[in-house]
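Undergrad: Here you go, one structure.
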Amino acid sequence: MSVSTSIERGGIAYFALDLPHKGQASYVHIREIVDNLRRLGWHVELFAPRPGVPDEPRNVAAKAYEYLRTTWQALRSLKTHDVLYVRAHVLSWPVAMAARLGGRVLVEEVNGTELDLVVSRPWLRPLRPLLRWLYVSQYRRSHHLFPVARELADWLRAEARHDRISVVPNAANTDLFRPMDSTPAEPFVVFFGGLTDWHGVDVMVDAVRNPSWPAGMRLVVIGTGVRQSLIEDAVRAGLPVRWLGYRPYEELSQHIAGALAGLIPTTNPLGRSSTGMNPLKLFETLACGIPAIVTALPGQRELVTQGGCGLVVPCGDAAALARAVGELAADPARARQMGERGAALVRAAHSWHARAVEIDKVLRACLAAGAT
């Protein structure tokens, strides 16, 4: 496709200070946006820490080195790019401000608030006002913001004090995640993702113990994290749980295929999820042609109910989660119909290509308006 002179000349510096390993949601999001913008004709240079290794976390010194190295490289590159695309991070402030002062288009992808840091690192709670300022001061100076949920966009309008905002949720790679014929040896539901405090690991284990959990139904768990001991304990206790640990991203769809449903029992500690949830695993689950059972959090609740592609349960309610699994197990034809609707919905409107097209339009408009 033809591209404008400005795109050919400079393109995009994509700055992301996450320290992901391959297969994590942040890693997937970064790579998919970069790859699909390149397919649309953009020159994109990625500035991000080198990916970590699953189950081998970096120590503080190694993380600090990666932050400094990546920041320095991004700062040096600003004069050769037209657009700085920032995956919002509390430490991206220097690069964002340098881009603004240097007359570059500054856009930021926003995946949450400072609460995410406070929940995952409670020792930062006294610094919450400073963390909020470091984020919000960037948003106020950005030419455009890309929140991942409508509720997060509402929060940004109040905090950033402008309306240069477009909601760009997560999506699915519809080449990797697609319906597949599979007849499992036993019925199962699946959870895949980080085993964190807010992903409802304890809720799933309690649901399996609940009397409403359907007989013969196994919970398959894919992922690692700080709460994996709960899954290990459930396996040792003889509960119908199978833990696969880490699995390469490219193999996930093979393990999802044939599931009765995908579980997304996200919780809401300190209200962190009240600004909307559109988790990557939701779109990937639906893309595989299986229904999703989600908690009643903004974003995922509306997608599932309006699309007729799953069930919604209250946050933290293990009994309700068990009953929802039982409801689908008792009516497999209904579950298949939900899965078909979900797969069609993702193919039509929630692929990564569709997301890149939305971002492309905004970036071209910013450049055409002479934002630089």
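Undergrad: Considering only residues that are closer than 10 Å to residue 288 by Cβ and not in a loop (DSSP other than H, G, I, E, B), which ones fall in the range 175-190?
TA: Within the range 175-190, 190 is the sole residue that qualifies.
Undergrad: Another question about this same structure. Mind checking which residues of the range 156-174 are open to solvent by less than 30 Å² (accessible area, probe 1.4 Å) and outside any loop (DSSP other than H, G, I, E, B)?
TA: The answer is 156, 160, 165, 172.
Undergrad: Right, next: From the list 326, 299, 245, 310, pick out the single residue that is under 23 Å from residue 209 (Cα atoms) and in contact with a strand residue (DSSP E or B) (Cβ under 7 Å, 6 or more places away or on another chain).
TA: 310
Undergrad: Ok, one more. Among the numbered criteria (1) open to solvent by 10 Å² or more (accessible area, probe 1.4 Å); (2) modelled with pLDDT of 95 or more; (3) of a type outside the set (A, V, I, L, M, F, W, C), which single criterion is violated by residue 125?
TA: Of everything listed in (1) open to solvent by 10 Å² or more (accessible area, probe 1.4 Å); (2) modelled with pLDDT of 95 or more; (3) of a type outside the set (A, V, I, L, M, F, W, C), residue 125 misses just condition (2).
Undergrad: Hey, could you check the range 57-85 for residues that are among the small types (Gly, Ala, Ser) and within 20 Å of residue 101 (Cβ to Cβ) and say which is surrounded by the most Cβ atoms within 10 Å (Cβ to Cβ)?
TA: The selected residue is 74.
Undergrad: If I go through the range 112-150 residue by residue, how many of them are more than 16 Å from residue 95 (Cβ to Cβ), in contact (Cβ under 8 Å) with a residue 40 or more places away in the chain and assigned to a loop (DSSP other than H, G, I, E, B)?
TA: Total satisfying the criteria: 4.
Undergrad: Name the residue that is nearest to residue 95 (Cα to Cα), counting only residues in the range 1-57 that are modelled with pLDDT of 85 or more and of a type in the set (D, E, K, R).
TA: Only one residue tops the list, namely 45.
Undergrad: Return the pairs, sorted by first residue and then second, in which the second residue is open to solvent by 30 Å² or more (accessible area, probe 1.4 Å) and among the basic types (Lys, Arg), the first residue lies in the range 290-303 and is closer than 11 Å to residue 266 by Cα, the beta carbons are less than 7 Å apart, and the residues are 6+ apart or on different chains.
TA: Matching pairs, first to second residue: 294/301.
Undergrad: Consider residue 46 carefully, then state whether it is in contact with a strand residue (DSSP E or B) (Cβ under 7 Å, 6 or more places away or on another chain) and part of a strand (DSSP E or B).
TA: yes
Undergrad: Separate question: So which residues in the range 86-108 are surrounded by fewer than 20 Cβ atoms within 10 Å (Cβ to Cβ) and of a type outside the set (Val, Ile, Thr), if there are any at all? Reasoning before the result, please.
TA: Initially, the range 86-108 is screened for residues surrounded by fewer than 20 Cβ atoms within 10 Å (Cβ to Cβ), giving 90-91, 93-94, 97-98, 100-103.
Once the filter is applied, which keeps residues that are surrounded by fewer than 20 Cβ atoms within 10 Å (Cβ to Cβ) and of a type outside the set (Val, Ile, Thr), the range 86-108 yields 91, 93, 94, 97, 98, 100, 101, 102, 103.
Undergrad: From the list 229, 212, 142, exactly one residue is hydroxyl-bearing (Ser, Thr, Tyr), farther than 30 Å from residue 363 by Cα and surrounded by 15 or more Cβ atoms within 10 Å (Cβ to Cβ). Which is it?
TA: The match here is 212.
Undergrad: State whether one or more residues within the range 129-144 are touching a helix residue (DSSP H, G or I) at 6+ places or on another chain (Cβ under 7 Å) and within 18 Å of residue 356 (Cα to Cα).
TA: Yes.
Undergrad: Looking only at the range 308-341, count every residue that is closer than 15 Å to residue 289 by Cα, surrounded by fewer than 19 Cβ atoms within 10 Å (Cβ to Cβ), within 24 Å of the chain's Cα centre (by Cα) and not acidic (Asp, Glu) and tell me the total.
TA: Adding up the residues that qualify gives 2.
Undergrad: Six or more apart or on different chains, Cβ atoms under 6 Å: show the pairs whose first residue is in the range 23-48 and closer than 21 Å to residue 80 by Cα and among the small types (Gly, Ala, Ser) and whose second is open to solvent by less than 10 Å² (accessible area, probe 1.4 Å) and not in a loop (DSSP other than H, G, I, E, B).
TA: 48/16
Undergrad: Turning to a different aspect of this structure: Among the residues of the range 342-353, write down those that are assigned to a helix (DSSP H, G or I) and open to solvent by less than 60 Å² (accessible area, probe 1.4 Å).
TA: Just the residues of the range 342-353 that are assigned to a helix (DSSP H, G or I), to begin with: 342-349, 352-353.
342, 343, 344, 345, 346, 349, 352, listed by residue number.
Undergrad: Moving to a separate point now. Kindly state which strands (runs of 3 or more DSSP E) lie completely within the range 191-266 and contain at least 2 residues that are touching a His at 6+ places or on another chain (Cβ under 8 Å).
TA: Answer list for the range 191-266: 218-222.
The values are calculated or read from the model by the stated rules, or taken from the named source; none is laboratory data. All of these numbers come straight from a predicted model, not from anything done at the bench. Glycine gets a Cβ as well: all are built from the backbone with ideal geometry, and neighbour counts include every protein chain shown. With ligands, DNA and RNA removed, areas are computed over all heavy atoms of the protein, side chains included. Shrake-Rupley method; radii C 1.70, N 1.55, O 1.52, S 1.80 Å.
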